[in-house]
Amino acid sequence: MTIYYTVLFIHVVSVIGLFIALAAEGAILFRIRTAQSVDETRFFVGAFQRLRIVAIPSFLGILVGGLYLASKWGRGTFWIPFALGATLLIMLIGGLVTGKRIARLRNALSSDEIDLPIKAISAKTKDNALLISYGLRAGLGLGIVFLMTAKPDLPGSLGALAAGCGAGLLGAAWMRRASNRIGTVRCLWSQTRRFDAGQKVRFEEAQL
Ligand code: HEM
């Protein structure tokens with residue numbers, strides 16, 4: 001096995017790691033948006049922070065491996081510079097949009113206030129920018145996979161990345177609708193449980 005194929009293997013394993021991190025991020029974002037208590041939000045924000053363990057080495061493997069592989073391909077391709085630009089864009093959007101918002105949410109959650117109500121942080125947990133950032137990054141990732149496998153020319157490279165972004169944004173819109181629906185159902189469910197508990201107390205008082 002040549003060095004090229006060894007690096008290609010590391011590059012593709014890193015890509016698998018990136019998509020695992022993206023899938024987990026989607027599931028965690030969903031739970032943060034539908035959380036019914038501050039404790040639940042705190043738990044999932046903590047899980048979000050741990051995604052770095054997979055995401056950072058994956059990005060390193062993708063970038064370092066990708067640059068080595070690209071050096072063997074030389075100049076004259078469109079898909080390589082577009083893939084590099086899109087990969088850097090994924091990192092930039094992740095850090096500037098999602099990273100900053102999750103850090104602000106973490107700060108709000110570490111407030112000294114003891115019974116912090118979930119409503120006090122709901123603007124941060126339901127921030128649509130988190131979903132837009134997620135959709136764009138997942139879509140760009142998908143577009144890059146097309147670039148890597150089909151190796152298109154200029155219009156094909158632009159089209160693949162644009163189509164990936166479109167698909168990612170559609171996915172984000174679906175996640176927004178689904179999480180709002182699930183959030184409402186969970187809210188009604190927890191109110192019903194509280195109501196049942198109240199009824200039980202009144203029943204017990206009547207028994208005394
Ligand atoms: C999120 C970012 C990336 C993803 C998802 C990705 C995905 C992939 C995949 C799936 C392959 C295997 C393709 C095949 O063997 O047919 C591959 C190969 C390759 N990638 Fe990437 N890649 C990414 C970033 C990059 C970057 C930034 C560069 C260059 C700077 C790069 C350069 C290459 C090269 C040169 C190959 C070898 C193509 C071949 O030998 O057929 N990749 N990539």
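The values are calculated or read from the model by the stated rules, or taken from the named source; none is laboratory data. Everything numeric in this text was worked out from a predicted model, so none of it was measured. Neighbour counts run over all protein chains shown; Cβ positions are idealised from the backbone, glycine included.
Worth pointing out:
- Looking only at the range 61-117, residues that are more than 22 Å from F9 (Cα to Cα) and hydroxyl-bearing (S, T, Y) come to 3 in all.
- Selection count where residues are within 18 Å of the chain's Cα centre (by Cα) and touching a residue at least 60 places away in the same chain (Cβ under 8 Å), scope the range 20-58: 12
- Matching residues in the range 86-97 - criterion: being more than 9 Å from the ligand (Cβ to nearest atom) and touching a residue at least 40 places away in the same chain (Cβ under 8 Å): L89, I93, G94
- Considering the range 69-78, and only residues there that are more than 8 Å from the ligand (Cβ to nearest atom) and either touching a residue at least 12 places away in the same chain (Cβ under 8 Å) or outside any helix (DSSP H, G or I) (or both), the residue that is nearest to G143 (Cα to Cα) turns out to be F78.
- Among the conditions (1) closer than 30 Å to S37 by Cα; (2) surrounded by 18 or more Cβ atoms within 10 Å (Cβ to Cβ), the only one that G143 does not satisfy is (1).
- Verdict on A83 being assigned to a helix (DSSP H, G or I), among the small types (G, A, S) and away from the ligand (no atom under 11 Å from the Cβ): no
- The criterion of being over 20 Å from L169 (Cα atoms), in contact with a helix residue (DSSP H, G or I) (Cβ under 7 Å, 6 or more places away or on another chain) and in a helix (DSSP H, G or I) holds for V45.
- Considering the range 127-153, the residues that are in contact with a helix residue (DSSP H, G or I) (Cβ under 7 Å, 6 or more places away or on another chain) and outside any helix (DSSP H, G or I) include one that is farthest from the ligand (Cβ to nearest atom), namely D127.
- Here the condition is being surrounded by fewer than 16 Cβ atoms within 10 Å (Cβ to Cβ), assigned to a helix (DSSP H, G or I) and at pLDDT 95 or above; of L88, L22, it holds for L88 alone.
- Filter pass, G17 being within 14 Å of the ligand (Cβ to nearest atom), in contact with a His (Cβ under 8 Å, 6 or more places away or on another chain) and either assigned to a helix (DSSP H, G or I) or touching a residue at least 12 places away in the same chain (Cβ under 8 Å) (or both): no
- Flag if I10 is part of a helix (DSSP H, G or I), out of contact with any strand residue (DSSP E or B) (no Cβ under 9 Å at 6 or more places or on another chain), closer than 30 Å to R181 by Cβ and of a type outside the set (D, E, K, R): no
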